[in-house]
Amino acid sequence: MDISKLKQSLRDDLADILERSRFVERQKQARTNAVHRLTRAEAIAIAANLHELLGWIPELAVDTATQTMATAINVTATVTGRETISITGLVAVPGDLLTADYDAIEHPSYLLLDEFSGDSRPIESREALSVALFEGFTRSYRERYEFVLTDPVLREKALLKAAHFDSD
């Protein structure tokens with residue numbers, strides 16, 4: 001039995017396993033960086049547009065959150081301080097990211113989420129997603145605001161008052 005040869009063989013095998021593990025971790029980090037670079041910038045631009053359009057509404061929040069392959073843009077507000085109106089869009093990286101050429105990732109996918117079913121609908125561009133989020137949110141907000149104003153008790157709880165319409 002050649003102890004030094006067996007020992008060296010085991011060391012080499014274990015060193016190879018460690019190197020493969022490090023390579024996989026570097027690949028995961030490269031993927032995360034590519035997704036973050038692409039989706040976060042797009043999502044922040046959309047969020048900024050929505051905040052500019054809707055920021056005057058009381059208790060409105062426009063947030064972004066990055067996950068493995070996408071960044072979400074979520075718009076929330078309340079009409080009376082109790083219930084929440086919410087709409088979410090995604091900027092995602094298309095495909096399964098099995099490529100190792102993460103620098104080639106240049107074009108995100110835009111998706112509008114259906115809050116009830118969890119399904120998503122593809123949207124063609126950043127601007128179109130901004131508009132879809134704006135329209136979806138304002139449609140829900142208008143409906144709830146109109147309902148609140150028809151009830152005298154709820155009307156008193158409405159956060160959006162006449163003074164909000166006078167300022168810019």
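For the Cα atoms of the chain, what angle does the longest principal axis make with the long axis of helix 41-54, in degrees from 0 to 90, nearest 10? It is inclined by approximately 10 degrees.
Relative contact order for the chain: what percent, with Cα pairs under 8 Å and sequence separation of 6 or more? Kindly include the intermediate steps, with their values, before the conclusion.
Working: 218 pairs, mean separation 32.5, N = 168.
Relative contact order comes out at 19 percent.
Taking the C-alpha atoms only, the angle from helix 126-149 to the longest principal axis of the chain is near 40 degrees. In degrees between 0 and 90, to the nearest 10, how far off the longest principal axis of the chain does helix 3-35 point, with axes built from Cα atoms? Between the helix axis and the principal axis of the chain, the angle is about 20 degrees. Note on segment 103-159: Cα Rg divided by 2.2 N^0.38 Å, N the number of residues, gives 1.64. Here's how it looks for THR78: its modeled amide H is under 5 Å from those of ILE85, which are all 5 or more places away or on a different chain.
Among ALA47, ALA34, ALA65, the largest mean-square fluctuation in a Gaussian network model of the chain, built with springs joining Cα atoms closer than 10 Å, belongs to ALA65.
As a check on your grasp of the helix formula, calculate [θ] at 222 nm for the chain: sum -39500 (n - 2.57) over DSSP H runs of n ≥ 4, divide by the residue count, round to the nearest 500.
On the way: 5 runs with 82 residues, N = 168.
Taken over the chain, the calculation gives -16500 deg cm²/dmol.
Once the 1.4 Å probe is applied to the protein heavy atoms, the chain comes out at 66 Å² accessible per residue. Normalised by 2.2 N^0.38 Å, where N counts its residues, the alpha-carbon radius of gyration of the chain equals 1.58. The label point for GLU25 and the one for GLU156, both projected 7 Å from the Cα toward the Cβ, are 6.1 nm apart. Considering only VAL62, HIS107, VAL35, the residue lying farthest towards the positive end of the dipole of the chain is VAL35, judged by Cα position with unit charges set on Cβ.
The values are calculated or read from the model by the stated rules, or taken from the named source; none is laboratory data. These numbers come from a predicted model, not from an experiment. As a convention, Cβ positions derive from the backbone with ideal geometry for all residues, glycine included, and neighbour counts pool all protein chains shown. SASA here: full protein model, heavy atoms, side chains in, ligands and nucleic acids out. Shrake-Rupley method; radii C 1.70, N 1.55, O 1.52, S 1.80 Å.
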